[in-house]
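Each value in this text was obtained by applying a stated rule to the coordinates, not by laboratory testing. The shown structure was predicted, so the numbers you read here are calculated from the model rather than taken from an experiment. Cβ placement follows ideal geometry from the backbone for every residue including glycine, while neighbour counts extend to all protein chains displayed.
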Amino acid sequence: MQAMTERQKQILSAIIEEYAEVAVPVGSSLLAKAFNVSSATIRAEMAELERLGYIAQPHTSAGRVPTDKGYRLYVNALAENEAAPERRVEKALATRVQDGGLPERTIRNAVDTLVDLTHNLGLATIGDQLYMSGLSNLFGQPEFIGGAQVQQVASLLDNLEPWLREAAPNEPLSVYIGSENPIGRTAGVSLVISRFNSPFSDHSYIGTLGPTRQSYRDVMTLVRHAGETLEEVLYA
């Protein structure tokens, strides 16, 4: 397969990050200003990115949106360059987690904090139970207003705890994008989870579920830090 150029990678990142912010397909004129080149140059680059399968053009728009393949390339690059959370975010997470008391309450506090900071649905395994918070955040996103994907998302959530127990992802941070999810493959959501050790299990999980259109850089950093913080606090 033909290798992407550095500019194409940058354009793909720009499309993903802009789309996360505005929730509408990204056009060439906006990118032309950002990259200080002509719209024609951007259109040519976007055509190549579309040919390679990293972006797609919705029928009703002249702009482009990322595909699952495009998100995967972007997320892999982020994973190779781990970012530290902002100090204020790190402090907010640590403060609320350390005030938890009992392990169950501590984990719930961490989930609730992720909900506040990411505006996604937050979740964690507590023993054989799955604690969730922030459903209104998830279903309030533009992608789910019509309701066509809600049933698939609900099916994913219903089956997530047994799937986690069976699959037991072993990475400190795992990201399942869109069709990579084991259930609800066309639901248009991404699951970001961190494994951590707890009094309940050596394979406990905390994370978020949100639309594929989200700020992966921020969410991945926060979820990873939540897992690390819980492990520190629970075994302090």
For this session: Report yes if some residue within the stretch 36-45 is aliphatic (A, V, I, L, M), under 23 Å from the mean Cα position of the chain (by Cα) and part of a helix (DSSP H, G or I); otherwise report no.
Result: no
Seminar exercise, completed: Scanning the stretch 222-236 residue by residue, those buried (at least 22 other Cβ atoms within 10 Å of the Cβ) and of a type in the set (Val, Ile, Thr) turn out to be Val223, Thr229
For this session: Would you check which residues across the stretch 117-171 are polar (S, T, N, Q) and surrounded by fewer than 16 Cβ atoms within 10 Å (Cβ to Cβ) and list them?
Result: Gln129, Ser136, Gln151, Ser155, Asn159, Asn170
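Of all residues in the stretch 181-212, count the ones that are out of contact with any strand residue (DSSP E or B) (no Cβ under 8 Å at 6 or more places or on another chain) and surrounded by fewer than 22 Cβ atoms within 10 Å (Cβ to Cβ). Even if it seems obvious, please write down each step before you answer.
Of the residues in the stretch 181-212, the ones out of contact with any strand residue (DSSP E or B) (no Cβ under 8 Å at 6 or more places or on another chain) are 183-187, 199, 202.
After this cut, where a residue has to be surrounded by fewer than 22 Cβ atoms within 10 Å (Cβ to Cβ) as well, the list is 183, 185-186, 199, 202.
Residues in the stretch 181-212 being out of contact with any strand residue (DSSP E or B) (no Cβ under 8 Å at 6 or more places or on another chain) and surrounded by fewer than 22 Cβ atoms within 10 Å (Cβ to Cβ): 5 in total.
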Exercise. Any residue at all in the stretch 74-88 that is assigned to a helix (DSSP H, G or I), β-branched (Val, Ile, Thr) and closer than 22 Å to Met132 by Cβ?
Worked result: no
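Which fully enclosed helices (runs of 4 or more DSSP H) of the stretch 118-236 have 2 or more residues being in contact (Cβ under 8 Å) with a residue 12 or more places away in the chain and of a type in the set (Gly, Ala, Ser)? Show your work before the answer.
On the way: elements: 135-139, 150-167, 216-234.
Where helices (runs of 4 or more DSSP H) fall fully within the stretch 118-236 and carry at least 2 residues being in contact (Cβ under 8 Å) with a residue 12 or more places away in the chain and of a type in the set (Gly, Ala, Ser), they are 150-167, 216-234.
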For this session: Restricting attention to the stretch 39-77, report how many residues are touching a residue at least 60 places away in the same chain (Cβ under 8 Å) and surrounded by fewer than 16 Cβ atoms within 10 Å (Cβ to Cβ).
Result: 1
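Please find, within the stretch 20-29, the residue that is nearest to the chain's Cα centre (by Cα) out of those that are part of a helix (DSSP H, G or I) and surrounded by fewer than 16 Cβ atoms within 10 Å (Cβ to Cβ).
As a first pass, look at the stretch 20-29 and keep what is part of a helix (DSSP H, G or I): 20-22, 28-29.
Retained after the next criterion (residues that are surrounded by fewer than 16 Cβ atoms within 10 Å (Cβ to Cβ)): 21-22, 29.
Working: Glu21: 13, Val22: 16, Ser29: 27 Å.
So, considering only residues that are part of a helix (DSSP H, G or I) and surrounded by fewer than 16 Cβ atoms within 10 Å (Cβ to Cβ), the one nearest to the chain's Cα centre (by Cα) is Glu21.
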For this session: Please give the number of the condition Lys9 fails out of (1) assigned to a loop (DSSP other than H, G, I, E, B); (2) surrounded by fewer than 18 Cβ atoms within 10 Å (Cβ to Cβ).
Result: (1)
